[in-house]
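Participant: Right, I'll just put the structure down here and ask away after.
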Amino acid sequence: MKTKIVEEVAELVSCAADLYERFPEISAKVFETSWRIALAVNAKTPKILKLTTCRYCHSFLTPGGSARVRLVDGSVIWYCLKCSGKNRVRRYA
């Protein structure tokens, strides 16, 4: 059951990413809904949800829209443009 919910959450996140360019407010609501579902079920969060969430303000991060993405010393750094937070993701070679 939890795996099906995780798949649905990942689907909602990809839907939010598609909607972001035309409707950023609706996209933020869809993303927040997916985040709340993942927390309520206490399932393992999908990787896409972890990558596209600001750790500080919990906003939806999209490259070029609400975040800047940089490669620094072998890791990917997402800069949130809303709260100026840095989210670091280590790259593995």
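Please treat every number below as a calculation from the coordinates, not as lab data. Note that the structure is a prediction, hence the values are computed from the model and not measured. Every residue, glycine among them, receives a Cβ derived from its backbone with ideal geometry; neighbour counts consider all protein chains shown.
Participant: For segment 2-90, with only Lys/Arg (+1) and Asp/Glu (-1) charged at the beta-carbon, what is the dipole magnitude about the Cα centre, in debye rounded to 20? Intermediate results must be reported in sequence, preceding the final value.
Facilitator: Numbers: 15 positive and 8 negative charges, 89 e Å.
Dipole of segment 2-90, to the nearest 20 debye: 420 debye.
Participant: Another question about this same structure. Taking only C-alpha pairs under 8 Å that are 6+ residues apart, what is the relative contact order of the chain in percent?
Facilitator: 20
Participant: Then there is this: If every alpha-carbon in segment 17-93 counts as one equal scatterer, what log10 I(q)/I(0) does Debye give at q = 0.14, 0.15, 0.27 1/Å?
Facilitator: The computed values of log10 I(q)/I(0) come out as -0.47, -0.53, -1.31.
Participant: Further question: Can you list the lysines whose alpha carbon is less than 26 Å from that of residue 2, not counting same-chain residues fewer than 8 positions off?
Facilitator: 29, 44, 47, 50
Participant: If neighbour count is taken as other Cβ atoms inside 10 Å, put 52, 33 in order from fewest to most.
Facilitator: Least to most surrounded, the residues fall as 33, 52.
Participant: Test of understanding: what is the full-extension gain from residue 15 to residue 51, defined as 0.36 nm times their sequence separation minus their Cα-Cα distance?
Facilitator: Values: separation 36, 0.36 × 36 = 12.96 nm, distance 1.51 nm.
Full extension from residue 15 to residue 51 adds 11.4 nm.
Participant: For the chain, just give the cysteines left without a disulfide-compatible partner, judged by no other Cys Cβ under 4.7 Å.
Facilitator: So, 15.
Participant: Rounded to the nearest 10 degrees, what's the angle between the helix 24-41 long axis and the longest principal axis of the chain, both from Cα atoms, 0 to 90?
Facilitator: Roughly 60 degrees, rounded to the nearest 10.
Participant: Projected onto the charge dipole of segment 2-90 (+1 at Lys/Arg Cβ, -1 at Asp/Glu Cβ, origin at the Cα centre), which of 77, 66, 41 gives the Cα projection farthest towards the positive end?
Facilitator: 77
Participant: Per DSSP H run of at least 4 residues, take -39500 (n - 2.57); add these up for the chain, divide by its residues and hand me the 222 nm value, nearest 500 deg cm²/dmol. Write down the numbers at each step before the final one.
Facilitator: On the way: 3 runs with 41 residues, N = 93.
About -14000 deg cm²/dmol.
Participant: Roughly speaking, what is the centre-to-centre gap between segment 5-36 and segment 42-65 when only Cα atoms are used, to the nearest Å?
Facilitator: 10
Participant: Something else: If we count every other residue with Cβ under 15 angstrom of residue 4's Cβ, Lys/Arg +1 and Asp/Glu -1, where does the sum land?
Facilitator: Combined, the nearby Lys, Arg, Asp and Glu give -1.
Participant: Just for the chain, what percent of DSSP beta bridges are antiparallel, to the closest 5?
Facilitator: On the way: 12 of 13 bridges.
Roughly 90 percent of the DSSP beta bridges within the chain come out antiparallel.
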